[in-house]
Amino acid sequence: MLTAKQKELLLYIHERIKETGVSPSFDEMKEALDLASKSGIHRLITALEERGFLRRLPHRARALEVLKMPDSAATAAPPKGRQSFRPSVVGEGRGNGASDHSIPILGQIAAGVPIEAIQAEVGRITPPEDLLGAGDHFALEVRGDSMIQAGILDGDVVIIKRSETADSGDIVVALVDNEEATLKRLRKRGNSVALEAANPAYETRIFGPDRVRVQGKLVAMIRRYS
């Protein structure tokens, strides 16, 4: 039998992998379960492994596999801790020929070292209409691996809602020094702005507020399957 915290963590890991394809980080698990330290997460994961609910994948950093779920988990709610953004992921749609809600693809965006600013329209894509909602949207093709722990992979097409403002924790298209565009998680740190990767191989970059302009916020993602 699992404790309440063990069930809560197992459900959280299961939902994150189902929605993003990537297991959550220890920091994300700690915040979601409102624990004081990561050592508590280590103990919960070890207990779930010993009971056959969870397996750590060898030779892969922070990779977890859910082997089974308790019967009561099917109707349980996910943890109510601070939720980070998790993009909706759909397979690439071919559409039915309609273009009334197609959006422009404005070239590529770096999920790594920033590249040149957003280019002109290079094509159009028609995502499922319910992904867009109100507002003006555009799409960009991701290049790089700095957002992989947020479920955003090289080659994915991200759907961006145009906006000049964002909350701390949002994944945004940020324009740095009016010449470099990058896809990162925005963090507000006093009078500074941090652009945070979701890959420990990349450092967080910190700028003065006058050097970073938000171009839009990530609302969804389309993944091409061969």
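The values are calculated or read from the model by the stated rules, or taken from the named source; none is laboratory data. Nothing here was measured: the structure is a model prediction, and the numbers come from that model. Every residue, glycine as well, gets a Cβ built from its backbone with ideal geometry; the counts of neighbours run over all protein chains shown. These area figures cover heavy atoms from the full protein model, side chains too; ligands, DNA and RNA do not enter into them. Shrake-Rupley method; radii C 1.70, N 1.55, O 1.52, S 1.80 Å.
Counting only lysines at least 8 places from LYS5 when in the same chain, those with an alpha carbon closer than 28 Å to its own are LYS18, LYS30, LYS38, LYS68, LYS80. Here the Karplus relation 6.51 cos²θ - 1.76 cosθ + 1.60, evaluated at θ = phi - 60°, turns the backbone of segment 170-183 into coupling constants of 6, 8, 10, 8, 10, 9, 9, 6, 6, 9, 10, 10, 8, 9 Hz, with x for every Gly and Pro.
Spatially, segment 1-45 and segment 152-174 are offset by 25 Å when compared through their Cα centroids. List the lysines whose alpha-carbon lies under 16 Å from that of LYS161, not counting same-chain residues fewer than 8 positions away? Those lysines meeting the cut-off are LYS184, LYS217. For ILE105, the solvent-accessible surface computed with a 1.4 Å probe is close to 30 Å², ligands and nucleic acids excluded. Residue order by solvent-accessible surface for ARG187, ARG51, ARG43 is ARG43, ARG51, ARG187, largest first, with ligands and nucleic acids left out and a 1.4 Å probe.
Give me the extension gain from ARG124 to ASN191: residue separation times 0.36 nm, minus the current Cα-Cα distance, reported in nm with one decimal. Intermediate values should be presented prior to the final figure.
Working: separation 67, 0.36 × 67 = 24.12 nm, distance 3.77 nm.
Gain on extension, ARG124 to ASN191, equals 20.4 nm.
Were the residues from ASN178 through HIS101 laid out at 0.36 nm apart, the gain over their Cα-Cα distance would be 24.8 nm.
For segment 163-223, calculate the relative contact order in percent as a whole number, restricting contacts to Cα pairs under 8 Å that are 6 or more residues apart. Kindly include the intermediate steps, with their values, before the conclusion.
Values: 116 pairs, mean separation 24.0, N = 61.
Reported relative contact order: 39 percent.
In the complete set of protein chains, residue-level accessible area for TYR12 is approximately 10 Å², probe 1.4 angstrom.
Using +1 on the beta carbon of Lys and Arg, -1 on that of Asp and Glu, and nothing else charged, what's the dipole of segment 144-226 about the Cα centre, debye to 20?
Roughly 280 debye, rounded to the nearest 20.
Mean projected area of the convex hull spanned by the Cα atoms of segment 1-54, taken over all viewing directions: 3.4 nm².
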